[in-house]
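The values are calculated or read from the model by the stated rules, or taken from the named source; none is laboratory data. Because the structure is a prediction, the values reported are computed rather than measured. Counting neighbours? That spans all protein chains shown, and the Cβs are built from the backbone with ideal geometry, glycine included. Only protein heavy atoms, including side chains, enter the accessible area calculation; ligands, DNA and RNA are left aside. Shrake-Rupley method; radii C 1.70, N 1.55, O 1.52, S 1.80 Å.
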Amino acid sequence: MGGLILCRSEEAKKPYYISSLGIYVYSLEELCYGIYNNIYLIGSDFVDDALIDFIRNETKDKWLADELAFLKEKNAGLREMVITILLYVDYYTKKEVDELRTLIDNLSALGAEERLKRRADNFLFNKKYDSAIKNYADILNAKEHMMKDDFYGNVFHNTGTAYGKLFLFEQAAECFKMAYQLNNREESLKGYFMAAALAGIKVDEELDDGELKEECIKEMDAVTKNIMDSEEYIEIARIGKLRSEGNFVEYNARLKSIFDKWKADYIAVSL
């Protein structure tokens, strides 16, 4: 999406609180945004009498309220009611709505924890590591666990991956350790060995595997070589040469430029 979008509905004097998302909305456009970006957390009871009353009395969209009330009376599914809202407001493109329609179909067979994991996985894929960690924590800290151990092991594994991307290697190692104890996946054990090595901590003796550790060392050496061959690493070497040559003006300028880039990249993945 891009550009400005003119809101078609009135701004509500009394906002509607979406408890499943923990947010207040003042307009249909905000409602659409909340739906589109949090579909993993929206249940079949999302469109209730309170939401219909909000649309009818606060945003003054009687036709939409009547349509949703009719669909609710006919026991329509979440997909039909959500798509009705999105198409009426016209906040997202038809392509985006069609993609969401397909996603809802895929999510309909999943439980609450599975939907939340999909949301966290989506944050991880899009390099929003802090948000991914928070959503994975919501799964692990829930009072009731309905899934099998390997599911939570995979949640710990992905949490460890997110911590590793933020260079928090000690936390990553602990997560990979917990992951392996639950899912018994070699990938999680390798993650534990690598994170522990980067954190400078000793691995637990009962998990020590000399052959696998040797394989991890080879993989880390290969990664290190790729880093040293990268343009960014070469640029850092060039900057260091400027300092040794006494060219401090250009040295400071180029060093600041690369630090600013790293800072911006880190902030972007921490949101």
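Observations on the structure shown:
- Based on the convex hull around the alpha carbon atoms, the stretch 1-108 presents an average projected area of 6.4 nm².
- Judged by the mean number of other Cβ atoms found within 10 Å, the most tightly packed of the peptides 250-263, 110-123 leads the ranking 110-123, 250-263.
- Rg over Rh [alpha-carbon atoms, Kirkwood Rh] for the chain: 1.10
- When restricted to Cα atoms, the stretch 133-266 yields an Rg and a Dmax of 19.4, 64 Å, respectively.
- For the stretch 99-166, the normalised intensity computed at q = 0.15, 0.16, 0.18 Å⁻¹ comes to -0.47, -0.53, -0.67 (log10 of I(q)/I(0), Debye sum over alpha carbons, equal scatterers, no solvent).
- Segments 240-246, 86-92, 58-64 sorted - mean Cβ within 10 Å per residue, highest first: 86-92, 58-64, 240-246
- Taking the convex hull of Cα positions in the stretch 206-271, its mean projected area over all directions (nm²): 7.2 nm²
- Residue 175 accessible area, assembled protein chains, probe 1.4 Å, Å²: 20 Å²
- Sequence-distant lysines (8 or more away, or on other chains) whose Cα lies within less than 18 Å of residue 241: 256
- Partners for residue 190 among lysines (Cα-Cα distance below 25 Å; same-chain residues under 8 apart left out): 117, 127, 128, 134, 148, 165, 177, 202, 213, 218, 225
- Value at 222 nm in deg cm²/dmol, rounded to 500, when DSSP H runs of n ≥ 4 in the chain each add -39,500 (n - 2.57): -22000 deg cm²/dmol
- Global geometry of the stretch 34-172, whether rounded, prolate or oblate, following the gyration tensor of its Cα atoms and the 1.5 cut on a/c: prolate
- Cα-only Debye scattering, the stretch 17-79: base-10 log of I(q)/I(0) at q = 0.14, 0.25, 0.28 Å⁻¹: -0.37, -1.23, -1.42
- For the listed peptides 129-136, 177-184, a ranking on the average number of other beta carbons within 10 Å per residue, highest first, reads 129-136, 177-184.
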